[in-house]
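Each remark here refers to the structure printed beneath this line.
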Amino acid sequence: MVGSLLKSAAAGHPVEGLATRLPRSLDSIPGYTVDTGAVRIGELARQAQVSVQAIRLYEKEGLLAPAGRTAAGYREFDPDAVGVLRAIKRSQGLGFRPHEIAQLIRLHGASGDANRHHPQSSAQLIAAVDLVQANLVELKSRIASLEGAKRDLNQLMRSMRRPSGSVCPVTVRQRRRAESRSAGAEDPLSAARS
């Protein structure tokens, strides 16, 4: 008899009094859960190699879809959230700001897969291309600045490797400043800073 009642319920036919005798879902039976594929925040953090705090921040900033909650209150994220988090970290490494990352995520869809193309308006595509180009220009500027600093440091190192009888340029510069102060003359570096 119970078997026929269960078959009727499984077929979608209402069975009088069955709801009071059977649990609503396996989740309501202690020790049993239904695997929905959802990922809890700690596991998501481990898989994406980010901190739990970072996930909460990305969720708050709108970069990551809000988590669902279990009956016990645990946060559960869609398994695609791992790809989104990796895309966020990669975008941060490329110098994008949070609002720019949000724009790129919207362009490429919820999975964060930059290789997957979704139908977007031409205005969105143009905006994304402009965003990437602006970031590239900024990166080239930073590279040029770092190359200049590298040249200056190499020149300083070469000048400091002089034979023992020669004078270090840093020492010469400090001596000249001290002499100009003692003579009452204004320090040219101080004057330039004013």
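Each residue of the range 64-81 is assigned a 3J(HN,Hα), and the resulting list reads 10, 4, x, 7, x, 10, 7, 4, 7, x, 6, 6, 10, 10, 5, x, 5, 4 Hz, derived from the Karplus form 6.51 cos²θ - 1.76 cosθ + 1.60 (θ = phi - 60°), x at Gly and Pro. Inter-part distance, the range 59-88 to the range 37-55, computed on C-alpha centroids, equals 8 Å.
Between the amide H of Glu76 and those of Gly68, Arg69, Thr70, distances stay under 5 Å, these residues lying 5 or more places away or on another chain, with hydrogens modeled in the peptide plane.
Placing R0 at 35 angstrom, the Cβ-Cβ distance between Arg106 and Ala72 gives a FRET efficiency of 0.65 after rounding to 0.05. Each residue of the range 143-150 in order: what ³J(HN,Hα) in whole Hz does its phi give by Karplus 6.51 cos²θ - 1.76 cosθ + 1.60, θ = phi - 60°, with x for Gly and Pro? Per-residue couplings from phi come out as 4, 4, 5, 5, 5, x, 5, 5 Hz. Note that the range 56-61 has calculated 3J(HN,Hα) couplings of 4, 5, 4, 5, 5, 7 Hz, one per residue in order, obtained from phi through the Karplus relation 6.51 cos²θ - 1.76 cosθ + 1.60 (θ = phi - 60°); glycine and proline are x.
By how many nm would the segment from Arg161 to Arg175 grow when fully extended, if each residue of separation counts as 0.36 nm and the alpha-carbon distance is taken off?
Once the chain is fully extended between Arg161 and Arg175, it gains 3.1 nm.
Quick note: the coordinates plus some simple rules give every number you see, no bench work behind them. Quick caveat: nothing in here was measured; it's all calculated off a predicted structure. No Cβ is skipped: glycine too gets one built from the backbone with ideal geometry, and neighbour counts run over all protein chains shown.
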